[in-house]
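Right, one structure below, let's go through it.
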Amino acid sequence: MSTNRSIVSTNRSVAKCRNVCLSVLMGIGVFLFWWLWHPEALSFQEQNQLFLWTGNYLAERLSTSGGLADWLGEFIVQFFYVEWLGALLMALLFVLMYWLSVKAIFSPPYRVGLGVGLLFPLFFLWLMGDENVLVALPVAFTLVLAAVALMRRVRKVWWLPIAVALWWAVGMSWTTYYRIPQHGPDFSGWNGDKWELLKQDYLIRHERWDNIIERAKMHEVQTPFWSNSVNLALAMKGQLADKMFDYWQSGEDALLMPMVRDNVSNLPTAEAFWRLGMVNEALRYMSDIQESILNARKSGRFEQRIVECMLVNGKYRVAYKHIQLLKKSLFYASWAEDAERYLTGQRSPLIAPLTAKRALRFKQNFLFNYPEIDKMLSILFQENTQNKMALEYFLGQLLLKGDAQTFMQALPLAQQHGGYRVMPMVYQDAVSCMQSRSVPDTPYGRYIKRKMGGR
Amino acid sequence: MTSCSDRPEHAKAVDELPAIWPDYVDVTIPVGIAPLDFNFADEDIDCMDVIIKGEKGGELHTHGNWADLDEDDWQQLTSQNKGADLYVTVCTRKDSQWTQWRNFSIHVSAYPLDDYGLTYRRIPPGYEVGGNIGIYERDLHSFHERALLTENDLPGRCFNCHTPNRTNPKELTLQIRGEGGGTLVKKQHQQRWLNTKTDSTKAAGSYAYWHPAGRYCAYAVNAVHQSFFTGPDDRIEAYHSFSDIIVLDTQTDELLLSPLLQTEDLEIFPAFSPDGKWLYYSTSRPCRVPAEYEKVKCSLCRIGFDEQSGQFGLQADTLVSADSTGRSATQARPSYDGRWLMFTLSDRSNFPVFQRDADLWLMDLQTREARLLDEVNSNDVESFHNWSSNSHWFVFTSKRTDGMYAQLFLASIDDDGHCTKPFLLPQRNPRKYYGELFDSYNVPDFTCEPVSFDVHEAQRQVESNERIQVKIR
């Protein structure tokens, strides 16, 4: 008997040790997956919600079934603002899911369970390759596992209350777990160009312009989003006039895209508008991007930009309202307090950047007209000839459009205001294209050929 | 804010009105309106003590972070003081010092507000993306709000222009724009979805108004567009590329057309007179929009309508001429007693919601004289007005608070056309409520009773895409 007991005890110890080792290994793996491999996924989740530290916010979530999972999911996602912390929390969640799955489904000594239990975290890791699957989903599954594990330990009389609590915590509606109502995951995993584009957006958010350019050399995604992103990075690094056509250009929308009604497509354009000084356009695009979050959540990132635009425009009363919202968050509160100080005329780190932005914006008031984006960029530059980005976007837009005549007329502006020691490569290339009888095999020449439908 | 348990002692009296928000100083309210909770404008006060005494008796006392008035006590106080004043004493404590502000009055009107509440649409004031739109109903006698139709019910759909017949929601119409859209016509408990676009009309109906008898409903058929300003002052210019007016016979599902309402000009915002014999509307000359957006100016007109034959008059009268005023008159709304015509006047545009100079005007239909409603307007947009069923109250939207978010205000009007200072739709802890509300209100209207609307049936009908095709008579 004692030998058998000893064997059982040893088996349990081995199983426990194996369980701990697997958990640690999985935890490290999950942590590295989010932190190093897909930080853009954390960023994307975080920028599509704004978790508020208020009783109302909690009460509103808890008022519907599934609300607890929803609230817990958003609670975790707010920490994605700090990538390593977000990755750590996701690792802990997945380890918890693993532990509970073993406890809930299998019996000691968990020989089969240890291996099989890994399948659940791996499944959810794969499932979250659809960027619209919300963190609330693995949270809800973990709550279900916890409830089942609990049911196995308590008398049957407790099962019904646990089931009711579970229904309230997890709910039955898929809308809690997927950002797009009446839709479900696409089960596409982590493959595809989508993640490259979201990576570009993540790099824009953190102004890692060199990384964008480096990635662009390795991975080309032929979309206006990608072109906008790369061109913005080139402009910010002072390389647009030299290297624009070294990269694939989507067409006349390669610098600035027209409005698209979703929460992703216009992000590089909105960021470019802001840096150009087209403040109203940045405000409009960011507002519509935020309203395109289909589960009707606000966004800390977008709200911050919206407030900046309102402050530049002197719309202080309405900016105040939005600042109060951000003050209720964890990671945007400090910035919001700076914004409130700016608003009330106190010392604030926002004074210099917002004053600079105010100098860039349009002085004339007219109606934005996307088909005439080149003319608007021209006005923007002529109203402030220090705005070199506007100059380069203006000339770049003329080249994208293939408007040789206006480009040649405008070229002296580049010589006069561009501060170039030698004429930038793109402009040299364009001039030579325009002066030659046949389209040369140069970066701009190849773009023109493609635009004309040639190979 | 620190503890708020002690009562005002040794308060320093100052001869200044208290800076409260919303500004309820000297407003006129109906008996039975929801409590006029208010906050102190200075958020740094520790505590507020409010005593409200009725001219005809009764007293109400509240003490706390804001004036949180007990609903039952408030209702009793307003009932007891119909046609009299409520005197409000506000004391605030800051840095351990109590201050007693000058008393102010709230007037309880002798005119009742018989309607149950309001219906309105709430929409984030974005640009091209509608966001989380919803149509709501609000009980005016309490703080209770109920969603009638939201994006959760019909994801991705833009619905608007919910219109009851003279505040009676038993007859209701609303429109869903865009692909899979349609026009709801609800009569009693029957909800039918129609396709009001035909080969002879350019679009589906919107901006609706019922004929008082309930058989006909007028709509504008148009295409609304928006352009966006580059300067900091204005955000949006909304305009229509075309617009005509049609009348739907809800008994036969036929459209009644008049050549005078289907012209090259843009006829818009129809409204029947309370006797049903006239159809008011606005009309502007066609312009090359958006380039000529500043030239869009509407005249206010009316045309005869015969209920029996469904025939229109052969000529239109001009009540307010854009050529004479140089301005644009839109959104005509006759009072249900036939005495007044309220409309919006702005420098330009046939969609005044984004015009900062848009103000409410009132025309005396007996004399045809119109005047600016100074007593209700502000420096920002006023629009989307509608009358209560007894025509002694009106609701309108105004962006006066922050220039972006339209809010609902109510005011009364007496038999001589004098209006009272409007008051913001009451909310419990209004600073918190409105501060945390990121929606604009639009298309408000009174509703005489709670709206009976089968949202599940509406979902099923909308998803089924089955629409009754209307015909031209």
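The values are calculated or read from the model by the stated rules, or taken from the named source; none is laboratory data. Keep in mind that this is a model prediction, so the values were computed, not measured. Glycine also receives a Cβ, built like all others from the backbone with ideal geometry; neighbour counts cover every protein chain displayed.
Criterion first (surrounded by fewer than 24 Cβ atoms within 10 Å (Cβ to Cβ) and either in contact with a Phe, Trp or Tyr (Cβ under 6 Å, 6 or more places away or on another chain) or under 29 Å from A:Val133 (Cβ atoms) (or both)) does A:Val318 satisfy it?
Considered against the rule, which asks whether it is surrounded by fewer than 24 Cβ atoms within 10 Å (Cβ to Cβ) and either in contact with a Phe, Trp or Tyr (Cβ under 6 Å, 6 or more places away or on another chain) or under 29 Å from A:Val133 (Cβ atoms) (or both), A:Val318 comes out as no.
Does B:Arg122 satisfy the condition of being within 14 Å of another protein chain (Cβ to nearest Cβ), among the charged types (D, E, K, R), surrounded by 18 or more Cβ atoms within 10 Å (Cβ to Cβ) and not in a loop (DSSP other than H, G, I, E, B)? Please lay out each step first, then the result.
Details: within 14 Å of another protein chain (Cβ to nearest Cβ): yes; among the charged types (D, E, K, R): yes; surrounded by 18 or more Cβ atoms within 10 Å (Cβ to Cβ): yes; not in a loop (DSSP other than H, G, I, E, B): yes.
Yes.
Output yes when any residue across the stretch B:28-48 is crowded, with 21+ Cβ neighbours inside 10 Å, without any contact (Cβ under 8 Å) to a residue 60 or more places away in the chain and closer than 30 Å to B:Leu118 by Cα, and no when none is.
Taking the stretch B:28-48 as the starting set, the residues that turn out to be crowded, with 21+ Cβ neighbours inside 10 Å are B:28-30, B:33-40, B:47-48.
Checking which are without any contact (Cβ under 8 Å) to a residue 60 or more places away in the chain leaves us with B:40, B:47-48.
If we keep only those that are closer than 30 Å to B:Leu118 by Cα as well, we get B:40.
Yes, because at least one residue in the stretch B:28-48 is crowded, with 21+ Cβ neighbours inside 10 Å, without any contact (Cβ under 8 Å) to a residue 60 or more places away in the chain and closer than 30 Å to B:Leu118 by Cα.
Please specify each residue of the stretch A:375-413 satisfying the condition of being farther than 20 Å from A:Lys363 by Cα, among the hydrophobic types (A, V, I, L, M, F, W, C) and under 34 Å from the mean Cα position of the chain (by Cα).
Result: A:Leu395, A:Leu398, A:Leu399, A:Leu400.
Condition (residue is of a type in the set (Ser, Thr, Tyr), more than 30 Å from A:His417 (Cα to Cα) and within 12 Å of chain B (Cβ to nearest Cβ)) applied to the stretch A:221-229: is it met by at least one residue?
No - not one qualifying residue is present in the stretch A:221-229.
When the residues of the stretch A:368-381 are filtered to those that are of a type in the set (A, V, I, L, M, F, W, C) and either in contact with a strand residue (DSSP E or B) (Cβ under 6 Å, 6 or more places away or on another chain) or surrounded by fewer than 21 Cβ atoms within 10 Å (Cβ to Cβ) (or both), which remaining residue is farthest from the other protein chains (Cβ to nearest Cβ)? Break it down stepwise before answering.
Our first condition is that a residue be of a type in the set (A, V, I, L, M, F, W, C); within the stretch A:368-381, this holds for A:368, A:373, A:376-377, A:379-381.
Among the residues that remain, those that are also either in contact with a strand residue (DSSP E or B) (Cβ under 6 Å, 6 or more places away or on another chain) or surrounded by fewer than 21 Cβ atoms within 10 Å (Cβ to Cβ) (or both) are: A:368, A:379.
Working: A:Phe368: 5, A:Ile379: 8 Å.
So, considering only residues that are of a type in the set (A, V, I, L, M, F, W, C) and either in contact with a strand residue (DSSP E or B) (Cβ under 6 Å, 6 or more places away or on another chain) or surrounded by fewer than 21 Cβ atoms within 10 Å (Cβ to Cβ) (or both), the one farthest from the other protein chains (Cβ to nearest Cβ) is A:Ile379.
Out of (1) within 14 Å of another protein chain (Cβ to nearest Cβ); (2) touching a residue at least 60 places away in the same chain (Cβ under 8 Å), the odd one out for B:Arg102 is which?
Going through (1) within 14 Å of another protein chain (Cβ to nearest Cβ); (2) touching a residue at least 60 places away in the same chain (Cβ under 8 Å) one by one, B:Arg102 breaks only (1).
Out of curiosity, is B:Gln366 assigned to a loop (DSSP other than H, G, I, E, B) and within 14 Å of chain A (Cβ to nearest Cβ)?
no
For residues in the stretch A:341-367 being in contact with a Phe, Trp or Tyr (Cβ under 8 Å, 6 or more places away or on another chain) and away from chain B (no Cβ under 12 Å), which is surrounded by the fewest Cβ atoms within 10 Å (Cβ to Cβ)?
A:Ile351
Among the candidates B:Leu365, B:Leu372, single out the residue that is surrounded by fewer than 22 Cβ atoms within 10 Å (Cβ to Cβ), among the hydrophobic types (A, V, I, L, M, F, W, C) and touching a Gly at 6+ places or on another chain (Cβ under 8 Å). First the steps, then the outcome.
Values: B:Leu372 fails: touching a Gly at 6+ places or on another chain (Cβ under 8 Å).
Sole residue among the options that is surrounded by fewer than 22 Cβ atoms within 10 Å (Cβ to Cβ), among the hydrophobic types (A, V, I, L, M, F, W, C) and touching a Gly at 6+ places or on another chain (Cβ under 8 Å): B:Leu365.
Could you say which residue among A:Leu134, A:Leu88 is buried (at least 20 other Cβ atoms within 10 Å of the Cβ) and of a type in the set (A, V, I, L, M, F, W, C)? Full working, then the answer.
Numbers: A:Leu88 fails: buried (at least 20 other Cβ atoms within 10 Å of the Cβ).
Only one candidate qualifies: A:Leu134.
Between a residue in the stretch B:148-167 that is within 14 Å of another protein chain (Cβ to nearest Cβ) and any residue that is hydroxyl-bearing (Ser, Thr, Tyr) and part of a strand (DSSP E or B), which pairs come within a Cβ distance under 9 Å, given they are 6 or more apart or on different chains?
The qualifying pairs are B:Thr150/B:Tyr136.
Mind telling me which of the residues B:Thr78, B:Thr173, B:Thr89 ends up being touching a Leu at 6+ places or on another chain (Cβ under 7 Å), away from chain A (no Cβ under 14 Å) and polar (S, T, N, Q)? Even if it seems obvious, please write down each step before you answer.
Working: B:Thr78 fails: touching a Leu at 6+ places or on another chain (Cβ under 7 Å); B:Thr89 fails: touching a Leu at 6+ places or on another chain (Cβ under 7 Å).
Being touching a Leu at 6+ places or on another chain (Cβ under 7 Å), away from chain A (no Cβ under 14 Å) and polar (S, T, N, Q) holds for just one of B:Thr78, B:Thr173, B:Thr89, which is B:Thr173.
Go through the stretch B:136-171 and report how many residues are of a type outside the set (D, E, K, R) and within 16 Å of the chain's Cα centre (by Cα).
The qualifying residues number 11.
Condition first: within 14 Å of another protein chain (Cβ to nearest Cβ) and closer than 15 Å to B:Asp445 by Cα. Now tell me which residues in the stretch B:125-144 satisfy that.
Scanning the stretch B:125-144 gives a single hit, B:Gly134.
Could we say that A:Lys327 is touching a helix residue (DSSP H, G or I) at 6+ places or on another chain (Cβ under 9 Å), within 13 Å of another protein chain (Cβ to nearest Cβ), of a type in the set (Lys, Arg) and buried (at least 21 other Cβ atoms within 10 Å of the Cβ) here?
Considered against the rule, which asks whether it is touching a helix residue (DSSP H, G or I) at 6+ places or on another chain (Cβ under 9 Å), within 13 Å of another protein chain (Cβ to nearest Cβ), of a type in the set (Lys, Arg) and buried (at least 21 other Cβ atoms within 10 Å of the Cβ), A:Lys327 comes out as no.
Across the stretch B:189-236, what is the number of residues that are surrounded by fewer than 17 Cβ atoms within 10 Å (Cβ to Cβ) and within 14 Å of chain A (Cβ to nearest Cβ)?
Selection size over the stretch B:189-236: 6.
Take the residues in the stretch A:277-307 that are facing another protein chain (nearest Cβ under 9 Å) and of a type in the set (A, V, I, L, M), then tell me which one is surrounded by the fewest Cβ atoms within 10 Å (Cβ to Cβ).
A:Ala296
Looking at (1) under 30 Å from B:Asn132 (Cα atoms); (2) more than 18 Å from the chain's Cα centre (by Cα), which one does A:Phe120 not meet, given that it meets all the others?
Looking at each condition in turn, A:Phe120 falls short on (1).
Being touching a strand residue (DSSP E or B) at 6+ places or on another chain (Cβ under 9 Å), in a loop (DSSP other than H, G, I, E, B) and of a type in the set (Asp, Glu) is the requirement here; does B:Asp357 meet it? Even if it seems obvious, please write down each step before you answer.
Numbers: touching a strand residue (DSSP E or B) at 6+ places or on another chain (Cβ under 9 Å): yes; in a loop (DSSP other than H, G, I, E, B): yes; of a type in the set (Asp, Glu): yes.
For B:Asp357, the condition - touching a strand residue (DSSP E or B) at 6+ places or on another chain (Cβ under 9 Å), in a loop (DSSP other than H, G, I, E, B) and of a type in the set (Asp, Glu) - is met.
Look at A:Met310 and say whether it is within 18 Å of the chain's Cα centre (by Cα), surrounded by 20 or more Cβ atoms within 10 Å (Cβ to Cβ), outside any loop (DSSP other than H, G, I, E, B) and not assigned by TED's automatic domain parsing to the domain that holds A:Gly55.
no
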